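Input: a single structure, listed below in structure tokens.
The values are calculated or read from the model by the stated rules, or taken from the named source; none is laboratory data. What you are looking at is a predicted structure, and each value in this text was computed from that prediction instead of being measured. Neighbour counts are summed over all protein chains in view; Cβ atoms, including those assigned to glycine, are modelled from backbone coordinates with ideal geometry. For accessibility, only protein heavy atoms count, side chains too; no ligands or nucleic acids. Shrake-Rupley method; radii C 1.70, N 1.55, O 1.52, S 1.80 Å.
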Amino acid sequence: LSPALVEADSLAYLTLERTAQGADTGPRFRLGAVGYGTAGADLAERICAQIRAWSPARTAEPVVTAYPADTPDSDLADGSVIDRPSVRLVIAY
């Protein structure tokens, strides 16, 4: 499965692109995101921001906090918000 973000008419998803393979090395890859729709570029940038957050600090452990679905934004902890029908999840590093 590939992580994705969806918002209204827009979609972005994680990509892994093979970039090269040298005679003395194995294959090399580039990790990124592709977005479609009116907010596609913003959604792709949000995915890339998460990649950058994890890249230099792989020992960082995310903290996931669940709130009732009707919790206002002002009452949420700082972090990335994932809205689901019955819950709002906040992921922070």
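Taking amide H as placed 1.01 Å from N in the peptide plane, residue 29 has its amide H under 5 Å from the amide H of 19, each at least 5 places away in sequence or on another chain. Annotation for the stretch 29-93: trypsin sites (Lys or Arg not before Pro) lying in DSSP loop with at most 15 further Cβ atoms inside 10 Å of their Cβ are 58.
Within the accessible surface of the chain, defined with a 1.4 Å probe on protein heavy atoms only, the carbon and sulfur portion equals 55 percent. Taking every DSSP helix (H) stretch of at least 4 residues in the chain, weighting each as -39,500 (n - 2.57) and dividing the sum by the residue count yields a mean residue ellipticity at 222 nm of -5500 deg cm²/dmol. Ordering 32-45, 72-85, 3-16 by mean Cβ neighbour count within 10 Å, with the highest value first, yields 32-45, 3-16, 72-85.
Note on the stretch 4-55: along the principal axes its Cα atoms extend 46, 21, 12 Å, ordered by decreasing extent. Basic side chains Lys and Arg get +1 at the Cβ, acidic Asp and Glu get -1 at the Cβ, and with that the dipole of the chain about its Cα centre reaches some 500 debye.
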